[in-house]
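Chemist: This is the structure I have questions about; it appears just below.
All of the numbers you see were taken from the coordinates with simple rules; none came from a lab. Remember, predicted model here, so these are calculated numbers, not experimental data. Note that we place each Cβ from the backbone using ideal geometry, even for glycine, and neighbour counts take in every protein chain shown.
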Amino acid sequence: MSSTLSTIVFLCVPAWASYLAIIRPLGSDAEVVVSPWVFYLTHPAFRRRNKSRSTITVGYSVSLGSARVQ
């Protein structure tokens, strides 16, 4: 997408091509950062659940005997 945009800008407004060459890496970085955030904010697996659901906590303890090594 960014290469297509840079080609269009270079062909239509050549004076702006150098400015676009400076800004283009920032746009690529933003694309890499924004995509996971959109996934995180919209995917149902990452949504917080209501507190009205009941939870079950299972706990256990293991007791190991004290063994003497002589």
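Chemist: Please arrange Ile8, Ile56 by how many other C-beta atoms lie within 10 Å of their C-beta, fewest to most.
Modeler: On the way: Ile8 11, Ile56 4.
Least crowded to most crowded, the residues run Ile56, Ile8.
Chemist: Starting at the first residue of the stretch 8-21, write each ³J(HN,Hα) from the Karplus equation 6.51 cos²θ - 1.76 cosθ + 1.60 with θ = phi - 60°, in whole Hz, x for Gly and Pro.
Modeler: Listing the rounded values in order: 5, 5, 5, 6, 8, 9, x, 5, 8, 4, 5, 5, 5, 5 Hz.
Chemist: Fully extended, how many nm does the chain gain between Arg48 and Ala21 (0.36 nm per residue separation, minus their Cα-Cα distance)?
Modeler: 5.6 nm
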